[in-house]
Amino acid sequence: RIARNLGDLALETRCLNIIGCVHFARGDRTASAATLHACVNAARQVGYAHIEAMAQSNVGCIHADTGELERAEECFRAALQACKRTHNRRGVGVNLCELAIVAQERGNDTAAQRYFKRAVDALNGVGDRQRLAYCRFYQGCFELERREHRYAASLLRTAAAFFETAGNDRLWAHATALLGLLHATAGAHEEAARLIHEAGRVAHSQGDP
């Protein structure tokens, strides 16, 4: 409100992005989407492509969470283009991964494979190991659904190794449980039981059922 009264659109843009993220963190998706849409419009007026990209990507996540996959795809595509304009390769990789997940959920495996590959290439190029691990995790889940078990196991092992090092117990447990499932499918029941038990123990310590 202060920024608007001052007529400082640049400051208002930054404030809207922060407020939109706060609404999202509080679980108010309606208020978050409305605020972030306003942020996108303001960012375009002042030429803040980097903030436009963040806001568009956040709105995409909201639509994806509510099952509005077509609208989510539109937002991630817009965010991707804004990242390209600012030569933000990390942002390019992040939004390509989001597009891959949306494509997978819409049943377009060909597009999902293509997006995952491009996302991994972009994130590898900037050395963002955390985002790369997330991308490999979701890619592993995708390949598991496609019954590409050997490739899925490779991706999930790589992701789990990073999550363990980074102390992300929740995602480590999820990846490890999926590895246990793959071992069970391959007939390695003893190792499968060990992995699933360990994943369950860690997940329980994190408050997961």
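Per-residue answers, yes or no, for (1) farther than 25 Å from His50 by Cα; (2) within 13 Å of the chain's Cα centre (by Cα):
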{"position": "Phe76", "(1), (2)": "no, yes"}
{"position": "Ala100", "(1), (2)": "no, yes"}
{"position": "Arg114", "(1), (2)": "no, no"}
{"position": "Leu123", "(1), (2)": "no, yes"}
{"position": "Gln130", "(1), (2)": "no, yes"}
{"position": "Glu145", "(1), (2)": "yes, no"}
{"position": "Ser154", "(1), (2)": "yes, no"}
{"position": "Arg157", "(1), (2)": "yes, no"}
{"position": "Phe163", "(1), (2)": "yes, no"}
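Checked against the criterion of being in contact (Cβ under 8 Å) with a residue 24 or more places away in the chain and under 19 Å from Ile101 (Cβ atoms), the candidates Ala152, Ala199 yield just one match: Ala152. Between Cys39, Cys61, the distinction of being under 20 Å from Tyr134 (Cα atoms), part of a helix (DSSP H, G or I) and not aliphatic (A, V, I, L, M) belongs to Cys61 only. Looking at Ala111, is it aliphatic (A, V, I, L, M) and out of contact with any helix residue (DSSP H, G or I) (no Cβ under 7 Å at 6 or more places or on another chain)? Considered against the rule, which asks whether it is aliphatic (A, V, I, L, M) and out of contact with any helix residue (DSSP H, G or I) (no Cβ under 7 Å at 6 or more places or on another chain), Ala111 comes out as no.
Taken over region 42-58, the criterion of being surrounded by fewer than 24 Cβ atoms within 10 Å (Cβ to Cβ), part of a helix (DSSP H, G or I) and of a type outside the set (A, V, I, L, M) is satisfied by Arg44, Gln45, His50, Ser57, Asn58.
Report yes if Ala34 is more than 24 Å from Gly125 (Cβ to Cβ), open to solvent by 40 Å² or more (accessible area, probe 1.4 Å) and part of a helix (DSSP H, G or I), otherwise no.
Numbers: more than 24 Å from Gly125 (Cβ to Cβ): yes; open to solvent by 40 Å² or more (accessible area, probe 1.4 Å): yes; part of a helix (DSSP H, G or I): yes.
Criteria met by Ala34.
Considering region 144-185, the residues that are closer than 24 Å to Asp109 by Cα and not in a helix (DSSP H, G or I) include one that is most open to solvent (accessible area, probe 1.4 Å), namely Arg147.
The values are calculated or read from the model by the stated rules, or taken from the named source; none is laboratory data. This structure is a prediction, so every number in the text was calculated from the model and none was measured. Cβ atoms come from the backbone with ideal geometry, glycine included; neighbour counts cover every protein chain shown. These accessible areas exclude ligands, DNA and RNA; they are computed on the full protein's heavy atoms, side chains included. Shrake-Rupley method; radii C 1.70, N 1.55, O 1.52, S 1.80 Å.
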